[in-house]
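**Student:** Can you keep this structure in mind? I'll have questions shortly.
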Number of protein chains: 2
Amino acid sequence: MTDPVRVVSLGLGPIGQAAAKLLLQKSTLHLVGAVDVDPAKVGKDLADLLDLGEATGVVVESDLGAALARLQPDAVVHCTSSFLPVVEEQLRTCVQHGANVVSSTEELLVPDHQHAELAQALDEAARAGGATILGTGVNPGFAMDFAAVVASAVTFDVTGVRCTRVVDAATRREPLQRKVGAGLSKSEFHKQLDTGRFGHIGMRESVALVARGLGFAVDKIEHTVEPVLAPEDHKTPFLFVKEGEVAGIRNLGFGYLGKRRVIELDLSMYVGAPDPHDLIELESVPPIQMRFPDGIPGDQATAAILVNSLHGAVACAPGVRTVLEAPVPRIAR
Amino acid sequence: MTDPVRVVSLGLGPIGQAAAKLLLQKSTLHLVGAVDVDPAKVGKDLADLLDLGEATGVVVESDLGAALARLQPDAVVHCTSSFLPVVEEQLRTCVQHGANVVSSTEELLVPDHQHAELAQALDEAARAGGATILGTGVNPGFAMDFAAVVASAVTFDVTGVRCTRVVDAATRREPLQRKVGAGLSKSEFHKQLDTGRFGHIGMRESVALVARGLGFAVDKIEHTVEPVLAPEDHKTPFLFVKEGEVAGIRNLGFGYLGKRRVIELDLSMYVGAPDPHDLIELESVPPIQMRFPDGIPGDQATAAILVNSLHGAVACAPGVRTVLEAPVPRIAR
């Protein structure tokens, strides 16, 4: 038996909390610290946040650098923001202390797609610190991208790919229901659309990961967001959607080779969506379809894949890595 | 652009031929030689074997060591036998010449499962030669094992796994139809059963790979083979199956933790099997199902994953590696 990997949880929102809770159950991973900026959380034992009966001895602190300097963890589970520029300093601090990072930051899935210079600077910092930075998750990170790449392994040739994900937002947490605009009127939705507050973050990165994984040198990546209107009234534990008003969104991502659309990602997240599922269709020889009949539950599964990727991040050569270079993710015990 | 990986094809049976043909279409892989012991193949241009219009310039030769010494390839696609002791010398010769090996040898999927000493000796030879030996394929190697391991990445906990593969043997090549006993009478099947000629090779290795990948320290691995009787007459291009006689086989593999069956692999390959498919069911939190609705076509897909794993084998640290340690397989261009 090798020693457990010593882990600090950074960011204790819903995903970070789920990851921390899971870490407490793993014998090959040892949660040694927790960091969050929220004053309402700082100073509390994790047990209070996670509704655990017994104190964990891990008390939430606010100073990341101090925590890392004291604890010298092998790795950090990072769940603070979707946007790479926002988390740059956090990531730098981690790798400066030699801590490998597994992050839910959506833009980190393919960090050089939207932030080439920043990605390179972080890569240098990670190498200097002898640490790995790895972005992953379920969407982006698995359901609409990585799984399609893995499926391509059994094909002679792939000329196109289509991934469809249907999520019934009624089964998800309130922030997600709000994020998809559920309960808004059409006009309110369109008024707020330009603020960029709607829709799933990471669609561009999913297209970029599929392109890289399947070897499509795409010329152009596009994405669109449109409202899905409710066919009937629908009540969730958090809000009410009136027939004809906004139930959620449909988010499309495309990758083009010249004029040919070789990548189509089709994500529907709305209250009352029927038949939630994930489907990957490779236009390939032989043709391959891969279906997750009930869909992969986003929140739970994202916390899981973050924790399950820790051993891989520790094993990786230092630098900024994508899930294409990291070891095959699999359940950590 | 990096230089293409220079590859020698070793073994030109149906899978080896399909792999060679595929290699000729890849720009990042360059087929530089072909080796087979069959006098009917030696001396021929590959084009003759593969039904290609134009000569390839690659002429089949019989002396592996001489070919490797002359060609100094980066890698070998190895498709000669299912059994590790049979291929030991071939593998040694490859790694002694510094050639990385991707092999269809079923027992090489988890080489130390049935051949611990031999696996260790090969690992030492591979390290000494600075080369990797990697066993892969579709079954074993993907459909009933690796895919389940990948699916586990999105779970908190896995307490059991069931993989079901249904293959309509009528759609497969003649040797497979014969291997599953199609067309035999029940008594003939049972007479020949003890010879070990029936059934799929690698079931034990699939169970072992799942166990290792999911972290089940299984105490016992079992497998069984039984005939599937034809509900009605069935004619294939190669043979005739009479109602009530043997249409093929059902092959079960089990892994136990104490008395609990935590791994169940259920493979049916028979002429006329309805609804061919691959299904992975994780008994997990959250529960995950993954389905390949039409199934993964065994022969084609095996040739594909061998070729697609070459870059990964070249990138791996030297030694005997399993698909759990190799980079994520994905289509090579």
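The values are calculated or read from the model by the stated rules, or taken from the named source; none is laboratory data. Quantities reported herein were computed from a predicted structural model and do not represent experimental measurements. Because the Cβ atoms are built from the backbone with ideal geometry, glycine has one as well, and the counts that use them run over all protein chains shown.
**Student:** Examine the stretch A:273-288 for a residue that is touching an Asp or Glu at 6+ places or on another chain (Cβ under 6 Å) and more than 14 Å from chain B (Cβ to nearest Cβ), and state whether such a residue exists.
**Tutor:** Among the residues of the stretch A:273-288, at least one is touching an Asp or Glu at 6+ places or on another chain (Cβ under 6 Å) and more than 14 Å from chain B (Cβ to nearest Cβ), which makes the answer yes.
**Student:** Still on this structure, I have one more. Can we say B:VAL271 is under 30 Å from B:LYS242 (Cβ atoms), outside the structural domain of B:GLU124 (by TED's automatic domain parsing) and among the β-branched types (Val, Ile, Thr)?
**Tutor:** Here the answer is yes, as B:VAL271 does meet what is asked.
**Student:** Could you tell me whether the stretch B:135-146 includes any residue that is at pLDDT 95 or above and away from chain A (no Cβ under 14 Å)?
**Tutor:** For the stretch B:135-146, residues at pLDDT 95 or above and away from chain A (no Cβ under 14 Å): present.
**Student:** Exactly one condition in (1) more than 10 Å from chain B (Cβ to nearest Cβ); (2) not in a strand (DSSP E or B) is not met by A:MET269; state its number.
**Tutor:** Among (1) more than 10 Å from chain B (Cβ to nearest Cβ); (2) not in a strand (DSSP E or B), A:MET269 violates only (2).
**Student:** In addition: Hey, could you check the stretch A:211-239 for residues that are within 14 Å of another protein chain (Cβ to nearest Cβ) and of a type outside the set (Gly, Ala, Ser) and say which is nearest to the chain's Cα centre (by Cα)?
**Tutor:** A:ARG212
**Student:** Let me ask something else. Could you tell me how many of the residues in the stretch B:41-65 are of a type in the set (A, V, I, L, M), within 27 Å of B:GLU107 (Cβ to Cβ) and in a helix (DSSP H, G or I)? Step through it out loud before you land on a result.
**Tutor:** As a first pass, look at the stretch B:41-65 and keep what is of a type in the set (A, V, I, L, M): B:42, B:46-47, B:49-50, B:52, B:55, B:58-60, B:64.
Still in the running and within 27 Å of B:GLU107 (Cβ to Cβ): B:42, B:49, B:60, B:64.
Next cut, in a helix (DSSP H, G or I) only: B:49, B:64.
Count: 2.
**Student:** Which one is farthest from B:VAL271 (Cα to Cα) among residues in the stretch B:159-203 that are of a type in the set (A, V, I, L, M, F, W, C) and crowded, with 24+ Cβ neighbours inside 10 Å?
**Tutor:** Across the stretch B:159-203, the extreme among qualifying residues is B:VAL161.
**Student:** Would you confirm, using the coordinates I've provided, whether B:ARG261 is within 10 Å of chain A (Cβ to nearest Cβ), surrounded by fewer than 21 Cβ atoms within 10 Å (Cβ to Cβ) and outside any loop (DSSP other than H, G, I, E, B)?
**Tutor:** For B:ARG261, the condition - within 10 Å of chain A (Cβ to nearest Cβ), surrounded by fewer than 21 Cβ atoms within 10 Å (Cβ to Cβ) and outside any loop (DSSP other than H, G, I, E, B) - is not met.
**Student:** Among the residues of the stretch B:265-276 satisfying the criterion of being on the phi < 0 side of the Ramachandran plot and surrounded by fewer than 18 Cβ atoms within 10 Å (Cβ to Cβ), which is modelled with the lowest pLDDT?
**Tutor:** Among residues in the stretch B:265-276 that are on the phi < 0 side of the Ramachandran plot and surrounded by fewer than 18 Cβ atoms within 10 Å (Cβ to Cβ), the one modelled with the lowest pLDDT is B:PRO274.
**Student:** Within the stretch A:318-333, how many residues are more than 10 Å from every other protein chain (Cβ to nearest Cβ) and of a type in the set (Gly, Ala, Ser)?
**Tutor:** Total satisfying the criteria: 1.
**Student:** Being surrounded by fewer than 17 Cβ atoms within 10 Å (Cβ to Cβ) and either among the charged types (D, E, K, R) or farther than 17 Å from A:ALA313 by Cα (or both) is the filter here, so list the residues in the stretch A:93-116 that pass it.
**Tutor:** Selection gives A:GLN114, A:ALA116.
**Student:** Taking the stretch A:289-301 as the region of interest, how many residues are more than 8 Å from chain B (Cβ to nearest Cβ) and at pLDDT 95 or above? Explain how you work it out, then say what you get.
**Tutor:** Here is the first cut: in the stretch A:289-301, the ones more than 8 Å from chain B (Cβ to nearest Cβ) are A:295, A:298-299.
Next, from what is left, pick out any that are at pLDDT 95 or above: A:295.
Residues that pass the stated criteria total 1.
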